[in-house]
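Notes follow once the structure below has been shown.
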Amino acid sequence: MARGSRRAARTGASCREPTAPGHRIALVRVAIIGAGVIGLTSAFSLMRDGHDVEVLERAHPGAGASFGNAGWVCPSISTPLAAPGMLRQGLRHALDPDGALVIRPRLDPTFVRWLLGFARASTNARFEAGVEALYGLSSRTFEALDRIAAAGVRFEEHRAGLLCVARSVDALAWFQHEFAVLRRIGFTGRLDELTGDEARALEPALSDSVAAVVHCGIDRHVQPMSLVEGLVTHLAAHGVQVRTGAEAVRIDRATGGWRVALADGDAVAADAVVVAGALDTVRLVRPFGLRLPLVGGKGYSVTLPLAAGAPRHALYLCDAKVGVSPFAEGVRLAGLFELGARSIAPSERRVRQLVREAHRSVPAVGPEAPTGEVGWAAFRPATPDSLPFLGEVEGAPGLFVATGHGMFGVTLAPATGEAVAALIRGERPLYLEPFAVGRFR
């Protein structure tokens with residue numbers, strides 16, 4: 001039996017206006033598929049706009065990539081993975097057990113097409129266009145995150161900034177190129193270059209092997225599950241239901257709107273549907289003629305209890321491509337990106353690699369720290385051009401997609417939530433054009 005909304009029951013009808021591009025849409029019922037940071041920030045922004053929102057989650061909130069990531073809110077390093085030389089580097093490491101970026105080729109037409117798209121997006125011109133597109137979204141994220149906090153959502157947040165740490169000056173070269181591109185497009189944050197000694201004065205947790213650092217002072221980091229849990233609590237207090245164990249199996253057109261069929265036989269009626277279901281999004285929107293090139297990039301993390309010698313700043317270890325995030329519970333090490341991996345199970349060897357690499361720059365992370373019970377891995381939804389899919393499905397008014405954020409889910413989530421709300425208001429902001437859901441047709 002289809003579940004209607006509380007407000008629909010009161011009014012007796014759906015309040016829906018024509019959905020021509022650019023026309024305002026008055027919607028009262030919105031179903032969101034996925035309770036990761038993207039789905040939950042979207043629910044928050046839609047709830048703030050007065051919509052009747054229901055979130056459908058097949059497992060539990062934050063069950064996927066939102067759970068164990070580094071929690072960075074870092075516009076300064078939110079640049080495309082699709083960049084000159086990256087495809088060659090990833091393929092070169094296909095058989096390297098310790099490669100930070102690994103592409104494991106397989107005879108899968110979908111994966112091959114994705115790699116071809118990745119290659120096309122990895123030119124200098126496309127990379128710089130991607131930097132500009134991502135900054136168009138990430139530059140809005142601090143204000144959006146502050147609005148979430150101001151509304152009373154409680155979560156763990158740190159504002160000491162990010163240190164890009166290198167054991168040689170050469171290891172910073174690529175990031176200096178990225179920063180130059182960011183400055184050209186109007187990035188306003190300070191990027192302070194420090195010597196090793198200056199860096200250790202700022203962050204005593206760094207080892208003597210650190211030779212050069214860039215301090216990205218505007219960047220922040222949050223404990224990602226604290227944000228997920230804070231949003232769920234806040235949404236529930238304001239009448240938004242987050243249903244767990246509610247697996248969406250199909251989206252159907254219905255009179256006056258949409259119907260989301262669930263695996264348990266139930267269904268949810270809505271005027272609009274936002275699909276923020278990571279890799280599940282692909283099968284859910286395929287019936288509407290949209291074939292999203294989305295694959296899972298496997299990432300790892302491990303969270304270690306660390307009191308003495310813990311860093312105060314979030315760190316990006318440029319040589320190893322490992323992130324270090326200090327939280328109240330301990331220090332999280334996160335990194336690695338495996339394309340073509342088949343198993344979601346965390347590899348103990350790869351988790352130990354994170355610890356070993358972090359120890360070289362942060363001695364307090366002991367090289368023999370226990371990792372067996374705390375290692376984590378997840379598939380991050382990755383697009384060929386490293387830009388998320390964010391928009392309305394052509395020919396399906398009221399059906400929206402918000403997924404494919406890859407490594408930048410937490411960074412982009414607050415701004416994505418506000419963008420989803422704008423789209424459902426009928427607005428079509430120019431800064432969202434690069435994220436069109438049909439751009440690979």
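Condition (residue is of a type in the set (S, T, N, Q), within 21 Å of the chain's Cα centre (by Cα), more than 30 Å from V355 (Cα to Cα) and modelled with pLDDT of 95 or more) applied to region 286-306: is it met by at least one residue? No: region 286-306 contains no residue that is of a type in the set (S, T, N, Q), within 21 Å of the chain's Cα centre (by Cα), more than 30 Å from V355 (Cα to Cα) and modelled with pLDDT of 95 or more. Being surrounded by fewer than 20 Cβ atoms within 10 Å (Cβ to Cβ), assigned by TED's automatic domain parsing to the domain that holds R58 and under 19 Å from the mean Cα position of the chain (by Cα) is true of L279. Among the conditions (1) at pLDDT 95 or above; (2) more than 18 Å from G335 (Cα to Cα), A377 misses just one, which is (2). Among the residues making up region 331-375, a single one is surrounded by fewer than 17 Cβ atoms within 10 Å (Cβ to Cβ) and either assigned to a strand (DSSP E or B) or of a type in the set (V, I, T) (or both): I344.
Is it the case that T255 is surrounded by fewer than 20 Cβ atoms within 10 Å (Cβ to Cβ) and touching a His at 6+ places or on another chain (Cβ under 7 Å)? Taking the combined requirement at face value, the residue does not satisfy it. The residues of region 377-412 that are among the aromatic types (F, W, Y), touching a strand residue (DSSP E or B) at 6+ places or on another chain (Cβ under 7 Å) and buried (at least 23 other Cβ atoms within 10 Å of the Cβ), listed by number, are F389, F400.
Just checking, which of A307, A320 is in a loop (DSSP other than H, G, I, E, B) and either within 18 Å of H158 (Cβ to Cβ) or touching a Phe, Trp or Tyr at 6+ places or on another chain (Cβ under 7 Å) (or both)? Being in a loop (DSSP other than H, G, I, E, B) and either within 18 Å of H158 (Cβ to Cβ) or touching a Phe, Trp or Tyr at 6+ places or on another chain (Cβ under 7 Å) (or both) holds for just one of A307, A320, which is A307.
Entry remark, region 399-441: residues being hydroxyl-bearing (S, T, Y), out of contact with any Gly (no Cβ under 6 Å at 6 or more places or on another chain) and either farther than 19 Å from G64 by Cβ or not in a strand (DSSP E or B) (or both) number 2 in total. Within region 216-242, the set of residues being under 29 Å from R332 (Cβ atoms) and touching a strand residue (DSSP E or B) at 6+ places or on another chain (Cβ under 8 Å) comprises C216, G217, D219, R220, H221, V222, Q223, V232, L235, A236, V240, V242. Counted as qualifying within region 149-234 are the strands (runs of 3 or more DSSP E) with 3 or more residues that are surrounded by fewer than 20 Cβ atoms within 10 Å (Cβ to Cβ) and either modelled with pLDDT under 95 or over 19 Å from the mean Cα position of the chain (by Cα) (or both), namely 191-195. When A125, A59 are checked against the criterion of being touching a residue at least 40 places away in the same chain (Cβ under 8 Å), within 30 Å of A422 (Cα to Cα) and surrounded by fewer than 16 Cβ atoms within 10 Å (Cβ to Cβ), A59 stands alone in meeting it.
The values are calculated or read from the model by the stated rules, or taken from the named source; none is laboratory data. As the structure is a computational prediction, the values presented were derived from the model and not from experiment. FYI the Cβ positions are ideal-geometry reconstructions off the backbone, even for glycines, and counts take in every protein chain you see.
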